[in-house]
Structures are given as structure tokens and as C-alpha cells.
Amino acid sequence: MTALSLTSRHAAGALSRQERGNGWIVSASTLAAIAVAGAMATSSIVFSEPAVADILMAAVIVGLPLLGVTRFGTLTLLNFAAWLAFVALGLAACSVSTNIDTAITHQVVTLFLALGALVLAGYVSADPEPRFRLVMNCYVVGCLIATAAAFAGYFQLIPSAYDLFTNFGRARGTFKDPNVLGAALAPAIVYTAWVTLRHPIRHAMVAAVVCVPLCLALLLSFSRGAWASTAFSLVMVAWLGLVTTRRVADIQRLTVVAVIGAITLVLAIGAALRLEAVGGLFEERASLDQSYDQGPDGRFGGQRKAVGLILDHPLGIGTYTFRDTYHPEEAHNVYLSQFMNAGWLGGLLYSISVFGTLAAGVFAIRKRTALQGPIIVTTAAFMGVVLEGAIIDTDHWRHFFILMGLTWGLVDATLTPPVSEFRHDD
């Protein structure tokens, strides 16, 4: 079974049907795998909300527990309880929001995304290895769809595609914002990098080929935050892979992949920068001194205002009140935003869940099980999103909740292994 194949043990079961009378019976695990695969493969197509992925995720949330294919562990339940309390506090603070209806909608969407993370965690925990592969393989497919759209728009390969798939000269693919495109590509890049480092050569070569266009699309998003967070996650996945291996062959592979990968990316990026439009915008975006970052109405000025409001309002000021009353836009810091949206207690619960998830992932990596590799992938990728949250609001990014749910489920599986024993084949 290839690491980047769209199949898993359950997806393969889609071809296994049992004839009874005049009908065909499809197993519960097969139905669940189809629903999850569809939700992950369409997770990058979000021109509008609700998106197709949201409809499919709603089916996942309702259907998987009914099909009996989930198992909820301690870490998952504790974190979801924290998210329930966080949303409840956010809803309470909506009473002082400037636009109550919009604020309530925001909190309801947060609850929906948290429910998705809960069910995804329970699904993965029940049979972690094949289901992790299913989720990530289909997520990569979704990112490839977004990448193809980004290329079609940015290079005007299709008439009228430029206006549809770009924004202010930056590729956005099938997302509404170039920053979200760049950030969403990061987990797929981290996963393909891991496959390149640890899986058999044939699979590694496929992953390497897939990774190149993802990296070019990341470049064309011109998202400084996504560039930094992806680089950080790649460094972490390489470092965690290095410190957890006991095989000389893995160290040699890491060295070879790092050298070849760096040379390939430099050549590819260099070729892209030779294009006048790419080179000019890259030079502008690479600067750390952007006009919209400076001054009282800039990004950093807004964050200073947010800190003052948090200190003065322990119960919060309500969702969207900051941008409607105090500043032209949101604070561009998800942690400050959550303290303003849900008060001191709500912001604290959010931070405990996010950083607690990271801590649980790092702790679980220490165990040499078959899940060590998958946990390295999700933890390293989640680290990048957590880091990027300091400069942008990530609270409704779908891949944030996907990574969080995967981490919960994988860690729970290491705490309470399923009936079948783990196979350590990394």
C-alpha cells in the first residue's frame, strides 16, 4: 500500500460487498471512509460558506458515531469539554457585541469546527494507522486541487481564471484568501516531506514529486506567515525524525533528501523569480517593513489596542466588536482575539487546549510505536499553525481543526491501543 495512495484498509473495503438477497450491503467502516475521504479531498474548495466540505463534514459529524466507527479517548474528551466551555463563554460575550447576529454565527461555526475535530479524533483513534493515512492522503489531494487552480489563475492558463483564482496579484487558488491558501498547503508539504524521509524509496519519490508544486503554490501565495510557519514545521519534522530514529539509514536519507530538496527548491524558486511579476511581488512581500504593519491603525498598533482592551474587560468585548469599534480590522493575533471574544477565562481555555494539544503530541512522540511517525507529522504541522496564530487569526481555519483532531486521536490511540497490536514499520 503506497503512502500517497487514496486508499486505506477501510477505503479498500469499498470494493468488498456482500450480496444478500437482491441487494448489496456496504460495511459501516466503508461508508465512514467514503465520507471522511470526501470531506478531506474537498476541504480546500472554500470559495463561499458553507462550502461543500462543510456539508460533507456535517455528514461525518452525524454519521460516524451512528455507524459505530469512533472511539473517544481521554485527551479528546477533555479538550472538547474545554471547547464547549469556550464557545459558551463566547456566546455569553456576544450580548455586548456590536452585531449580535454575526457574532453568534461566528461562535456557532466555531462549535461546528470543534465537533468536526472531536469526531475526526474518535474516528482515527479507533483504527489509527490506516485512518491517518486516509485523512492525510485525501487532504493532499485537496491541496493539489487548490494548487492546480492557483497555477491556472496566476499564469492565466484558462481565460478569466486570473480574477477567479488570484487576489491582488497573489495566488489564492480555491480559497478566499492567499494567506489561507499558503497556510493550508503547509500540512500537505510536511506530510509529503515525512513520506520522503521515512517511507520506501518508490513511495518517497512519488511524495517528492508531489511536494514540488505544493511548494511553488506556497511561494505564489506570497504569504509571509505561511512561508515562516511552513519552514518552521519542516525544520521540526526533520529534527523530530532525527532525534527519534535509531537507524543510520534514516540519518543518511535525511541528509540526502535535505541536500537534493534544497537544490531542487532553489532552482524551482529561482526559475519562478525570473518572471517579472513573481520577482517584483516577492521582493515587496519579503520585506518585514510593510506599510499596513506600522502606525496606530496598522497590525502592531491594533495588537497594542487589543492588549489594553483585554486588561480592561475581563468578560470580553464580544466577537467582531474590536474591528467594528476600535480598529479597522481584526487584531491579527488569534490569542488576543479569543481573550476579547470570550473574556479571560475563555481565552485561557483556548490557550490551554491549543498548547496542551502540542504538549500531548510532543510527549507521545517519545513512545516508540507505529504511531510515532504520524504523531510527528501532525505535531510538527500543528506547531506551524500555532506559531502563525501570533500574526493572523486562525480560529476558523479548517486545517487547524483537522490537525488538532488528528493529534487528539493519535495520542489517545497510544494511551489506549486498539485490539490489534501496533506494527512499527517506520
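Descriptive notes on the structure:
- Boolean, V266 is farther than 21 Å from E388 by Cβ, at pLDDT below 75 and surrounded by 14 or more Cβ atoms within 10 Å (Cβ to Cβ): no
- Being more than 27 Å from the chain's Cα centre (by Cα), at pLDDT below 65 and not β-branched (V, I, T) is a property that D293 lacks.
- Among all positions in the stretch 18-34, there is no residue which is closer than 30 Å to D324 by Cβ, at pLDDT 90 or above and not hydroxyl-bearing (S, T, Y).
- For A88, the criteria (1) within 30 Å of H327 (Cα to Cα); (2) of a type outside the set (V, I, T); (3) surrounded by 16 or more Cβ atoms within 10 Å (Cβ to Cβ) hold in every case but one, which is (3).
- At least 3 residues being more than 20 Å from A231 (Cα to Cα) and not polar (S, T, N, Q) is the threshold, and among the helices (runs of 4 or more DSSP H) wholly inside the stretch 331-424 those reaching it are 334-365, 398-415.
- Entry remark, the stretch 207-246: residues being assigned to a helix (DSSP H, G or I) and out of contact with any helix residue (DSSP H, G or I) (no Cβ under 8 Å at 6 or more places or on another chain) number 5 in total.
- Flag for V278 being modelled with pLDDT under 90, under 21 Å from V180 (Cα atoms) and out of contact with any Cys (no Cβ under 7 Å at 6 or more places or on another chain): yes
Listed here are the residues, each with its yes/no results for (1) surrounded by fewer than 17 Cβ atoms within 10 Å (Cβ to Cβ); (2) at pLDDT 90 or above; (3) more than 23 Å from the chain's Cα centre (by Cα).
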residue: G270; (1), (2), (3): yes, no, yes
residue: E283; (1), (2), (3): yes, no, yes
residue: A286; (1), (2), (3): yes, no, yes
residue: G343; (1), (2), (3): no, yes, yes
residue: Y350; (1), (2), (3): no, yes, no
residue: I375; (1), (2), (3): no, yes, no
residue: T378; (1), (2), (3): no, yes, no
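- Residues located in the stretch 187-208, provided they are touching a residue at least 24 places away in the same chain (Cβ under 8 Å) and farther than 20 Å from Q372 by Cα: R202, V206, A208
- Subset of the stretch 61-76 [farther than 16 Å from A359 by Cα and either surrounded by fewer than 16 Cβ atoms within 10 Å (Cβ to Cβ) or not aromatic (F, W, Y) (or both)]: I61, V62, G63, L64, P65, L66, L67, G68, V69, T70, R71, G73
The values are calculated or read from the model by the stated rules, or taken from the named source; none is laboratory data. On a predicted model such as this, the values are computed, not experimentally measured, just so you know. Backbone-built Cβ (ideal geometry, glycine too); neighbour counts: all protein chains shown.
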